[in-house]
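Since the structure comes first, as structure tokens, the remarks are kept for the end.
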Amino acid sequence: MESQVSNNRNKQQIIFAVLFFVILIAGIFYVKWWPYYGKAITAASTHSVGDSIIAGVGAKSAGVSLKTGYTFTIAYFLSVWKALVVAIIVGSLVQVLIPVRWVRRYLGGTKLRNTMIGTLMGVPTMMCTCCSAPVTVGLSKSKASVNSIMAFFLANPLLNPATLIFMGLVLGWKFTFFRLIFGIAMVITIATLVGKLAGQKRVEVPNGVDFDPTEEDPESLLKRWWKAFYTLIIDSIPAYVVIVFLLGTFEGVLFPAIQGGLSSGVLAILLFALVGTIFVIPTAGEIPIIQALMALGLTGGPTAALLMTLPAVSIVSLALLKPVLSWKSLGITAALVFAFGLVAGVVGAFVL
């Protein structure tokens, strides 16, 4: 009798897992894989992935502008809203369709193996830093370790295979190889160090037990999903909108004119590493920005700094991780991204 009950539970778990992955793959195919296939064909023939989300970037300093903030906010959300919806759905479903013990088995440890699994999971999902945040939160609430979720979070934008292809077709393949090498180093190193150095903010599952969907009745499971879903929305959307608007308002200050000595040198590397760590962009948004800045004379050093920091994190994405990570963890993450940007800038001055 116990054997039959166990078999039924195993079948239920498999059904829930299959349902989760069907939704995940269908969502990513619709918002990422299929659109990027067409975009790659266009990039191959035009050597462009579209205009920069920052109008007139590097050409002039528009200063602080509420109108620019509004325009940027609209443009940004038109670029990411579909992926954001998928991310919130996936981030909530992982909390109710996947048993916690499964997540802990593969992503719950602090070893390099767990970091690598998180990294590999982040490559095919190909989300921007803000869209990967809700999924990262969902994994953390299912007891994934800090190093695993940080690897997943960073691998999404830095090791996005579509972005790497676009980069080669638009900027040149040396940029792709540079990003790939530095991206792997950033993901593994930052995830490991954040996991070791930062105090973890614990996120306990309900009732203090390891959640298993087979132990819930359908009504209870649906209520649990709805709670996880609207909690992610409440934790994500308000801060998302406000901070994106503020960044857009100050984009003219963050991206000043690059003439007059700001196109090269140590100061330019520092500036663009800092701006890249702060600012927010949609997937592959760094490519047209860098393309426009290089056309105005930006040299290899600051270009490399921006190449590595701009997609990696932003004030927005770090704020979205606050429900599951401490300020210390977030601060260490930002500092390490900035530091890698400086190193990339120094190396890029010689190789790009």
Determine if region 238-256 includes at least one residue that is without any contact (Cβ under 8 Å) to a residue 12 or more places away in the chain and of a type in the set (A, V, I, L, M, F, W, C).
yes
Go through region 136-166 and count every residue that is surrounded by 24 or more Cβ atoms within 10 Å (Cβ to Cβ), assigned to a loop (DSSP other than H, G, I, E, B) and at pLDDT 95 or above.
1
With the requirement that a residue be within 15 Å of Glu286 (Cα to Cα) and among the small types (Gly, Ala, Ser), what does region 32-52 give you?
Ala43, Ser48, Gly50, Ser52
Going through region 305-320 in order, the residues found to be part of a helix (DSSP H, G or I) and either of a type outside the set (S, T, N, Q) or touching a strand residue (DSSP E or B) at 6+ places or on another chain (Cβ under 6 Å) (or both) are Ala305, Leu306, Leu307, Met308, Ile315, Val316, Leu318, Ala319, Leu320
State which residue pairs qualify: first residue free of Cβ contacts under 8 Å to residues at least 12 places away in the same chain and crowded, with 16+ Cβ neighbours inside 10 Å and inside region 217-232, second residue in a helix (DSSP H, G or I) and not polar (S, T, N, Q) in any location, beta carbons under 6 Å apart, and separation of 6 or more residues or different chains.
none
Restricting attention to region 301-319, does a residue exist that is under 21 Å from Ile190 (Cβ atoms) and without any contact (Cβ under 8 Å) to a residue 24 or more places away in the chain?
yes
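May I ask you to say which residue of Pro256, Pro282, Pro302, Pro288 is modelled with pLDDT of 90 or more, surrounded by 15 or more Cβ atoms within 10 Å (Cβ to Cβ) and not in a helix (DSSP H, G or I)?
Pro282
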Filter result for the condition that a residue is within 23 Å of the chain's Cα centre (by Cα) and assigned to a helix (DSSP H, G or I), over Ala268, Ala273:
Ala273
Region 83-111, subset among the small types (Gly, Ala, Ser) and surrounded by fewer than 23 Cβ atoms within 10 Å (Cβ to Cβ), residue nearest to Lys227 (Cα to Cα)
Gly108
For residues that are hydrophobic (A, V, I, L, M, F, W, C) and under 13 Å from the mean Cα position of the chain (by Cα), scanning just region 305-318, find the one that is surrounded by the fewest Cβ atoms within 10 Å (Cβ to Cβ).
Ile315
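The values are calculated or read from the model by the stated rules, or taken from the named source; none is laboratory data. Model, not experiment: these values are computed from the prediction. Cβ atoms come from the backbone with ideal geometry, glycine included; neighbour counts cover every protein chain shown.
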